[in-house]
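Participant: This is the structure I have questions about; it appears just below.
The values are calculated or read from the model by the stated rules, or taken from the named source; none is laboratory data. Keep in mind that what you see is a predicted model, and the values were worked out from it rather than measured. Cβ sites come from the backbone with ideal geometry, for glycine too, and all protein chains shown count toward neighbours.
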Amino acid sequence: MILDDLRKTTGEWLRGDGPMSDVVVSSRIRLARNLAEHPFLTTASESERTEIYRRLAAEATSTPTGADALLVDLDEIDSVDRAMLVERHLISRQHAAGEGSRGVTVSPDETQALMINEEDHLRIQALRSGMQLEALWTDVSAVDDALAKNLAFAFDRQLGYLTACPTNVGTGIRVSVMLHLPALRLTKDIERVARAARDMRLAVRGLHGEGTEAIGDLYQVSNQTTLGKTEEAIIKTFSDSIIPKIVEYERTARESLAKKDAARLDDKIWRAYGLLRHARKISSSETQALLSPIRLGIHMQRFDKFDLSLLNELFLNTQPAHLQKFSGKQLDEKERRIVRADYIRNKLA
């Protein structure tokens, strides 16, 4: 597998199925780990960073699940390729913007990605479409166990796993669920849900995590602390309580809109379709905002011009890096707006 092979599909996070997939776009678990014999990256020299990268890259690709993985040296690819990996949720924006020895291994189905030298020495990620946290924990735990056979991770008997960021100390686990919540925004209940989540010490972020906005009505909900609870307890709370409640609120809001304000709902869906069909210039953020009500319309069976697979293809391929890869050349923002509109009109013709 080579890097360009990734563009042949929409990837795991936009596969569009799995439990609760009408609201839950994808679920993800990450584990933060650091090698005991090396300093954190904030104080590591360039030679130490290189040694950490070489060792972890070798170990990551020698495990049973990593044997077929694609190893990408982020220092050897251009900014567009790094941005494409961000858009596919395989690396973080921080990892893409970093410098020096760093990389990622990606499984052929994009359900697993191991980031090397991001904030910590290693971030083990498992990703699946829909709400599948228990299966993800099985996946990520198996990789962690396989790596621990040959690697000594920094660990304290009282504190647990030691990490660069204090909020990850303990289990080192970050559970994150991507939710599509357009009805809660339309009914103006989204802030109430966000406040309730924050009161429960959860982080509510946008499409690409920390520091990003909820473009396209996509919100990431994740745990903020990992100390004092087991991995299983954190996952159980998400699976049995937090996410089902938010899904219930969104579904109730959708039913309420359909009963009380169907004309407004349908107008928003079909107006978005009309703009996408005929626009000659369009930005990435506007495209995602217009695809949101159409995604809602498909799930509510109020829109039938195309299906979810085409919508997800449009969502992914109109993002800046994917659009440039599709075009085969780098484009400035003005050029991207024109090419994006042409691409959408051709797909919807």
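Participant: How do the pairs read when you match residues in the range 291-302 that are modelled with pLDDT of 95 or more with residues anywhere that are not in a helix (DSSP H, G or I), using Cβ under 7 Å and keeping only pairs 6 or more apart or on different chains?
Facilitator: Taking only residues 6 or more apart or on different chains, the pairs are 294/303; 295/180; 297/303; 298/307; 299/22.
Participant: Kindly indicate whether residue 242 is in the same structural domain as residue 163 (by TED's automatic domain parsing) and either within 22 Å of residue 22 (Cα to Cα) or part of a loop (DSSP other than H, G, I, E, B) (or both).
Facilitator: Numbers: in the same structural domain as residue 163 (by TED's automatic domain parsing): yes; either within 22 Å of residue 22 (Cα to Cα) or part of a loop (DSSP other than H, G, I, E, B) (or both): yes.
Yes: the conditions hold for residue 242.
Participant: Give the number of residues within the range 169-187 that are touching a strand residue (DSSP E or B) at 6+ places or on another chain (Cβ under 8 Å) and either surrounded by fewer than 24 Cβ atoms within 10 Å (Cβ to Cβ) or under 29 Å from residue 250 (Cβ atoms) (or both).
Facilitator: Of all residues in the range 169-187, those touching a strand residue (DSSP E or B) at 6+ places or on another chain (Cβ under 8 Å) come to 169-181.
Those still in the list that are either surrounded by fewer than 24 Cβ atoms within 10 Å (Cβ to Cβ) or under 29 Å from residue 250 (Cβ atoms) (or both) too: 169-171, 173-181.
Counting residues in the range 169-187 that are touching a strand residue (DSSP E or B) at 6+ places or on another chain (Cβ under 8 Å) and either surrounded by fewer than 24 Cβ atoms within 10 Å (Cβ to Cβ) or under 29 Å from residue 250 (Cβ atoms) (or both) gives 12.
Participant: Could I ask something else about it? Can you name the residue in the range 66-78 that is touching a strand residue (DSSP E or B) at 6+ places or on another chain (Cβ under 7 Å), over 15 Å from residue 151 (Cβ atoms) and part of a loop (DSSP other than H, G, I, E, B) and, of all such residues, is modelled with the lowest pLDDT? Write out each step before concluding.
Facilitator: Let us first name the residues in the range 66-78 that are touching a strand residue (DSSP E or B) at 6+ places or on another chain (Cβ under 7 Å), namely 66, 69-74.
Within this subset, residues satisfying the condition of being over 15 Å from residue 151 (Cβ atoms) are 69-74.
Narrowing further to those that are part of a loop (DSSP other than H, G, I, E, B): 69, 74.
Values: 69: 93, 74: 97.
Looking at residues that are touching a strand residue (DSSP E or B) at 6+ places or on another chain (Cβ under 7 Å), over 15 Å from residue 151 (Cβ atoms) and part of a loop (DSSP other than H, G, I, E, B), I get 69.
Participant: Within the set of pairs 6+ apart or on separate chains, which have a first residue in the range 26-40 that is free of Cβ contacts under 8 Å to residues at least 24 places away in the same chain and in the same structural domain as residue 119 (by TED's automatic domain parsing), a second that is outside any strand (DSSP E or B) and not basic (Lys, Arg), and C-beta atoms under 9 Å apart?
Facilitator: Short answer, once both residue conditions are applied: 39/45; 39/48.
Participant: Restricting to the range 271-293, count the residues that are among the charged types (D, E, K, R) and in a helix (DSSP H, G or I). Reasoning before the result, please.
Facilitator: Let us first name the residues in the range 271-293 that are among the charged types (D, E, K, R), namely 271, 277, 280-281, 286.
Going one step further and asking which of them are in a helix (DSSP H, G or I), we end up with 271, 277, 286.
Going through the range 271-293 one residue at a time, the tally reaches 3.
Participant: Let me ask something additional. Any residue in the range 42-52 that is modelled with pLDDT of 95 or more, over 21 Å from residue 169 (Cα atoms) and of a type in the set (A, V, I, L, M, F, W, C)?
Facilitator: Among the residues of the range 42-52, not one is modelled with pLDDT of 95 or more, over 21 Å from residue 169 (Cα atoms) and of a type in the set (A, V, I, L, M, F, W, C), which makes the answer no.
Participant: With the structure loaded, tell me whether residue 113 is modelled with pLDDT under 95 and either under 15 Å from the mean Cα position of the chain (by Cα) or assigned by TED's automatic domain parsing to the domain that holds residue 9 (or both) or whether it fails that test.
Facilitator: Numbers: modelled with pLDDT under 95: no; either under 15 Å from the mean Cα position of the chain (by Cα) or assigned by TED's automatic domain parsing to the domain that holds residue 9 (or both): yes.
Spelling it out, it is not the case that residue 113 is modelled with pLDDT under 95 and either under 15 Å from the mean Cα position of the chain (by Cα) or assigned by TED's automatic domain parsing to the domain that holds residue 9 (or both).
Participant: Scan the range 339-349 and tell me whether some residue there is closer than 26 Å to residue 13 by Cα, free of Cβ contacts under 8 Å to residues at least 60 places away in the same chain and under 20 Å from the mean Cα position of the chain (by Cα).
Facilitator: No; the residues of the range 339-349 include none that is closer than 26 Å to residue 13 by Cα, free of Cβ contacts under 8 Å to residues at least 60 places away in the same chain and under 20 Å from the mean Cα position of the chain (by Cα).
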